[in-house]
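A short reminder: the numbers here are calculations on the coordinates, not readings from a lab. This is a predicted model, so every value here is computed, not measured. Here Cβ is always computed from backbone atoms with ideal geometry, including for glycine, and neighbour counts include all displayed protein chains.
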Amino acid sequence: MASSDMKGFFRQKKKLGISKPKSSKRSPKPKHSASCGSHLVQPPALVSHGFFDLQDEYDDKEEVLRQFDMNMAYGPCLGMSRLDRWERANALGLHPPKEVENLLRAGKVNSECLWDGRV
Amino acid sequence: MAAAAAPVEVDSGNGVLQRKQSIYKSMDESFEIQKEMYRGQQYSQIYFARLHLMRTLLYSLLPTWKPHLPICTVLGLEEGKECIIVGTLYKHMKLKPSILDEYSKERSASPLVKPHNFVHSDDYLVLEDESGRVKLRGSLLLPSVYVTGIVVALHGKETGAGDFVVEDILEAGLPHQIELPLNSGEDKYVVFISGLSVGSSSANPLHFQLFVDHITGHLGDEKEQGIAAQIVQVVVAGNSVEFPRGLLNGQNLGSKDQSRLSEPIKELDILLTQIAAGIALDIMPGTSDPANFSLPQQPLHKCLFPGSAAYNTFRSCTNPHSFELDNVRFLGTSGQNIDDLAKYSDAKSKLEFMERTLRWRHLAPTAPNTLGCYPFTDRDPFFIEKCPHVYFVGNQEKYESSLIKGSDGQVVRLICIPRFAETGTAVVLNLRNLECHALSFGTQFSS
């Protein structure tokens, strides 16, 4: 069965059992929004079938980090690791959120930006 | 084990003539490769670093310039509202060669890249920041003067057509300079030479040998030798060798061709050894030297100079090169930055281009647009932090020099070093008073 969402283009992961659309899950509004622009990392068209693509490793922490990636104030995100970009922002006096630094240094999060390997 | 340089010893009857010495301090750290790792980044990173660095600087200058005007981002412009915007200039040039032209179906018979200067009267400037870009109008901002990559502050307002009419412009200006007590102490000379092109058919080896003999004190009488003993530093500013490129056609080289290929660098090493044996010598890479292509060029490897690198007076340096000699600050390049400006803008002389780069506070604004450079992510090493006392550029058509003054009392000696293989001319600078003159060698004898 051809899935009509982005999942078809990327990681092919075998689903155990029948996948049910999780219709009640909405994009959690991040409490500490690090961006001043759009906070849509998941455009509406992709959620039309009721579930997100890239389910794996996508949790609250990743959401915070993606907001950090998308924030224009810290410059382009592609081509740099997230920690390098945070350190650059810090060195330039832009006061990037401490929370992002803590998440990145603690590990267990994706060290590269959301576009890494996709563009 | 490095051999220490011997002072010039000449038995002048009264005693031995000693060469003067100066305290040298290298400032090349920012031009050397530090912890950079290529992770597939594009040039957006270096542009962001440059914009942020210079915008912070310009913001600090705005209160003294036009304190009453509001500052806007490009996207925040409102029609008719007078304000200040800060961003990177982009110059749209009709004649600028584009790689896509090579794939164009309507290829004309004429070759694609020919003109040496791509300026056209239809060129226009655009200002860009993170939020957007806006086309610039107004008679104040002459497109022929500016190039892509400069960060400026503009005072003006948006028109109905969506353009920004410029009423005034603020450049970063000359950076702060540590004042020197000029005209103090003794005469000490620095000799600049560039474009030796050893190995090329146009280079006359006799001229270079004459030069070497003169500065090492092997020529002339005591008076001449006394003058030569006051030379404390030699700077070779790029293009020291010219390899026989005809050999590099993709074929494997036989042993005979291989030795032909390395002849120029061996010849150069022999001559440089004669200099390094007696004087401090800095050598910078240029376009034709065996170094990397993109700026900042890394120092030529010591294995190329088995003879001269044995001396502790021999220093292989980056391009651009920055150093201090007795607290006099030097900054210079082998010419690529100024040559690129000459292709994409107009000026009365090369000295004018040099002055512009100082006033824009950026050594190579056209990098990475039309001048190859490494895609730095967190810094822009071409940003000029401290104002030099001497700013030199190598491989130019002729010797030119001027003294420019900044608004805060900065004084800078600008030097265009001519190509030695073509002109037989080197440049001598007096550290005491920053005065400069040419040193020419000729072998024509009038019949």
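Quick notes
- Taking other C-beta atoms within 10 angstrom as a stand-in for reagent exposure, B:Ile270, B:Ile417, B:Ile404 fall in the order B:Ile270, B:Ile404, B:Ile417, fewest first.
- Take each residue in B:126-136, count the other chain C-beta atoms within 10 Å of its C-beta, and the mean is 1.
- The GNM of chain B, with springs linking C-alpha atoms under 10 angstrom apart, assigns the highest mean-square fluctuation among B:Pro320, B:Pro63, B:Pro205 to B:Pro63.
- Length available on full extension from B:Glu82 to B:Leu248: 0.36 nm per residue minus the Cα-Cα distance, which gives 53.9 nm.
- Ordering A:Met72, A:Met80 by the number of other Cβ atoms within 10 Å of each residue's own Cβ, fewest first, gives A:Met72, A:Met80.
- Modelled spin labels at B:Leu182 and B:Ser349, positioned 7 Å past Cα toward Cβ, are 1.7 nm from each other.
- Volume of the Cα convex hull of the range A:54-106, divided per residue and given in Å³: 81 Å³
- Ranked by how many other Cβ atoms sit within 10 Å of their own Cβ, fewest first, the residues A:Leu92, B:Leu182 fall in the order B:Leu182, A:Leu92.
- Legend: mean number of C-beta atoms from other chains within 10 angstrom of residue C-beta atoms, peptide B:44-53, equals 4.
- Antiparallel bridges, percent of DSSP beta bridges restricted to chain B (to nearest 5): 60 percent
- Based on Cα contacts under 8 Å between residues 6+ apart, chain B shows a relative contact order of 21 percent.
- For q = 0.09, 0.13 Å⁻¹, Debye-computed log10 I/I(0) when each Cα of chain B counts as one equal scatterer: -0.65, -1.21
- Where trypsin sites (Lys or Arg not before Pro) fall in DSSP loop in the range B:331-387, at most 10 other Cβ within 10 Å: B:Lys348
- Taking the range A:54-106 and dividing mean pair separation by its residue count, relative contact order in percent (alpha carbons under 8 Å, at least six apart): 32 percent
- GNM remark for chain B: springs join alpha carbons under 10 Å apart, and the peak mean-square fluctuation among B:Gly250, B:Gly40, B:Gly238 falls on B:Gly250.
- Segment B:Gln230-B:His68, extension gain: residue separation times 0.36 nm, minus the distance between their alpha carbons: 52.9 nm
- Of the residues B:Ser197, B:Ser30, B:Ser240, the one that moves most in a GNM of chain B with alpha-carbon contacts below 10 Å is B:Ser30.
- 10 Å Cβ neighbours from other chains, averaged over peptide A:73-81: 6
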